[in-house]
1. Among THR194, THR242, which is of a type in the set (S, T, N, Q), farther than 23 Å from LEU129 by Cβ, crowded, with 17+ Cβ neighbours inside 10 Å and at pLDDT below 95?
2. Mind listing whichever residues of region 104-117 are open to solvent by less than 20 Å² (accessible area, probe 1.4 Å) and closer than 18 Å to ILE4 by Cα?
3. Among the candidates LYS3, LYS45, single out the residue that is in contact with a Leu (Cβ under 9 Å, 6 or more places away or on another chain) and open to solvent by 50 Å² or more (accessible area, probe 1.4 Å).
4. What are the residues in region 48-94 that are within 17 Å of LEU150 (Cβ to Cβ), hydroxyl-bearing (Ser, Thr, Tyr) and open to solvent by 20 Å² or more (accessible area, probe 1.4 Å), if any?
5. Looking at (1) farther than 19 Å from ILE4 by Cβ; (2) touching a Phe, Trp or Tyr at 6+ places or on another chain (Cβ under 7 Å), which is the only condition GLN120 fails?
6. Those residues that are touching a residue at least 40 places away in the same chain (Cβ under 8 Å) and either of a type in the set (Val, Ile, Thr) or not in a helix (DSSP H, G or I) (or both), I need them from region 299-328; list them, please.
7. Could you tell me which of the residues SER172, SER248 is outside any loop (DSSP other than H, G, I, E, B), open to solvent by 10 Å² or more (accessible area, probe 1.4 Å), in contact with a Pro (Cβ under 9 Å, 6 or more places away or on another chain) and not hydrophobic (A, V, I, L, M, F, W, C)?
8. Read through the list (1) modelled with pLDDT of 95 or more; (2) within 30 Å of SER298 (Cα to Cα); (3) open to solvent by less than 70 Å² (accessible area, probe 1.4 Å), then give the number of the only condition that LEU33 fails.
Amino acid sequence: MKKIKVITTGGTIAMGEDKSTHQIVPKLSGEELLSHVPQLKNMAKLDLIQYTNLDSSQLTPQMIWDLAKLVEGSLAEEEISGVLITHGTDTLEETAYLLDLLLDTTKPVVITGALRSFNQLSSDGEANLVQSLQTIIEPHSKNKGVLVVLNNQIHAARFVSKLHTNKLTAFSSVNTGPIGYIDHCGVNYFYDLTKQITIRPEKLEERIEIIKLSIGSDDKLIQAALDYGYKGLILEGFGLGTLPKNISSGLIRAKEEEVPIVVTSRCLEGRVYNLYGASIGGANIAKMDIIFAGNLNSTKARLALMLLLGEGLSKNEIRRYFGFKLKM
């Protein structure tokens, strides 16, 4: 049997009901979690590490940075065939994407979680764990980057997003669909991926925030972020990336202070690029030195910018990454 490293971080999959409050809270250690699914031990030799036991809303980029180092060290062990990570679903897509950018490996890395704890009806934790291990063991799972396995589906980290708060079908790969599916016949892949780029800075630049724009938005939040010393901003614009004229002053200041502004769309599908002349009230958007994020959503664009700024790249180099190297 193959030897698989299992790294637990917490989340709903390791939660249970608090009898006094009737809320779902962290309950299961990594060992207790695996004991709920004895079938796993018949599938592979499991080497367990409990990294943390937190609701994923409480994780930080630095914690994921450290998790990446732990995963990298595990993959370097010759006898380890792959890594399975359990994680809360709230920020699972962010952890998956950050790991995908940081790790350069041919071995499979799979992240899974659950929308229901083991004490709830329709609990999905057991099935997700079994199918995740199936995916890692499958020989065709090599060279696919970080994968997310939930609800019988296999998603590429670069595409997957959580689109519903708590349905079992909460996760979807917008624009592309899942990369594969698990059924009674095993693991089946629909398409191959181009190799994901790897960004390996010596540190993260965490002083980056997301600002969502809506009708009538002005530049007060942009100005405040600059006042507080943020080193980069992600703007969720309209449609293809159009922006209201009321934020022009903030964009001009950001350009003068060499703070990169990356534009994404609040739309769930599609990509952004400079097309509409009416953007920013007819001002020349190119002169604002804005960077368009292609088809990355705001949370993934933020993580990519953390790494690119951590690597000390110039604004033009960052633009090239978003325009070509991060293009999916």
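1. Result of the check over THR194, THR242: THR242.
2. PRO108, VAL109, VAL110, ILE111, THR112, GLY113
3. Step by step, each of LYS3, LYS45 is checked, and only LYS3 is in contact with a Leu (Cβ under 9 Å, 6 or more places away or on another chain) and open to solvent by 50 Å² or more (accessible area, probe 1.4 Å).
4. Hit for region 48-94 is THR91, nothing else.
5. Result: GLN120 passes all but (2).
6. Answer for region 299-328, where residues must be touching a residue at least 40 places away in the same chain (Cβ under 8 Å) and either of a type in the set (Val, Ile, Thr) or not in a helix (DSSP H, G or I) (or both): THR299, GLU311, GLY312, ILE318, LEU326, MET328.
7. It is SER172.
8. Result: LEU33 passes all but (2).
The values are calculated or read from the model by the stated rules, or taken from the named source; none is laboratory data. All values derive from a computational prediction rather than experimental measurement. Reconstructed Cβ throughout: ideal geometry from the backbone, glycine too, with neighbour counts over all protein chains shown. Accessible surface areas use protein heavy atoms only, side chains included; no ligands, DNA or RNA. Shrake-Rupley method; radii C 1.70, N 1.55, O 1.52, S 1.80 Å.
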